Each structure stands twice: as structure tokens, then as C-alpha cells.
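Inspection log for the structure reproduced underneath, given as C-alpha cells.
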Amino acid sequence: GATAVGLGAAAINSADELQKLSDQTGLSAERLQELQYAGNNLGVELETITGAQAKLTKSMDGAKDGTGAQAEAFAALGISVLDSNGNMRDAKVVMEEAFTALNGVGNETERDALAMQIFGKSAMELNPLIKAGGDELNRLATEAQNNGAVMSGEAVAGLDAFGDTMDNLKTSILGSFGEALSKILPDIQAFINKLIELPNWIKENSTYRDWE
């Protein structure tokens, strides 16, 4: 029973963190769990990956007109940021393609420079993912789904809402208890004051007989 309660609390806390991170990054809760699973296997923190994903999206936006350093970096890797209709491509797919393409750059200095243009300052920390390549990232994401390591978006939202309800309940209970306690606090304080005075009272009122 204790184990079940502990797992339930952990699931609620995890859902809460995932929902917050999803709101901050714009990535789905499912995608975040896939990235976390891949990061755990390859030794890269989730925060690093999500930061790189956000920077990639900005780089894609900066490169969509086909000019500038970011556009040149994508072009050097043979990656298009727009689809055949002129719309921005899925950043998830572009990230996998970028890792695969960077993996194929033989000159490390050139590879690092291109990675910096696309992923920003976190590029160096992404080296384990770059060395693994996009196919491995995609494989790990699929493995996470198959292993049950990924909660559905609906499950995450439901657990997060339940956690919020429980937090509100605890806040209400603590507020009501505090209000009630404040009303009897003077009596409790007076009783404690009496207890503090008790040792001195005993000392002053004790009698001793001399047994000579």
C-alpha cells in the first residue's frame, strides 16, 4: 500500500513538472518524455535538449527567408526548413535530420560551428546526441513508447489536474486549521507560560528536612 501511494505521488509530481515544462517550451508532454528517455540513455539533461529544441525553432524561423548565417548552416547540412508548400517543417523531424547531418561532418571544428548556429550555446552539450544521430534518437523515442515510459497527454493533464485539486484541498484545510488555532492560541500561550514558571514555583515551595 505504501509503495502504491509513493508511486502515485511520484506520478502526480512528474505530471505536474511535465505540464509546466510543456507550457514553457510548447513541446507536448509525450514528446518531452521521449526526449527525457533518450537523454537518460545518452547522458544529456532534458533541460539541455528542450533548450536546444527551442533554439532550433528560432533558427528555423531565422532561416526561412534563405539568407543569413542560420540559413547557410542549414543549407550546408542539406536541410530545408520549409516544406514544398512553403510552410515551416516539423521541428522534431528537423532536429533528427540535423543530428544525422552533423554526425556526418568529418571536420569537428566545422561541425561545432554549424551546431552552434543551429542549436546555440548548448550545442557542445548535445554532442552525445549528435554522435548518436537522428535515427538513434528516433529509435529511443519509439522504445520509450513501447516500454510504457511515456504517459499520454491526456494522462498527464488528468494527473496534473488531480494534483492541483489535492494542493487546493491541503491549502483549504491548513487555512481552516490556522483560523481555528488562532482563536484558542491565547489560552495555549497562557498554559505554556504557566509550564515555564513551574520549575521556579516548585523550587520556591519545596521544603527540605535536615536528617542529622
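What follows draws every value from the coordinates through simple rules; no lab data is involved. On a predicted model such as this, the values are computed, not experimentally measured, just so you know. FYI the Cβ positions are ideal-geometry reconstructions off the backbone, even for glycines, and counts take in every protein chain you see.
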Karplus-derived 3J(HN,Hα), 6.51/-1.76/1.60, for each residue of region 119-128, Hz, glycine and proline x
10, x, 5, 7, 4, 5, 6, 8, 3, x
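What number, in nm² with one decimal, is the all-direction average of the projected area of the convex hull of the alpha-carbon atoms of region 56-162?
Its Cα hull, projected and averaged over all orientations, spans 8.5 nm².
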Could you pull out every residue, at least 5 positions away or on a different chain, whose amide H is within less than 5 Å of the one on Leu82? Hs are placed 1.01 Å off N in the peptide plane, and Pro or chain starts have none.
Arg89
Taking R0 as 30 Å, what's the FRET efficiency between Thr109 and Thr142 from their Cβ-Cβ distance, rounded to 0.05?
0.35
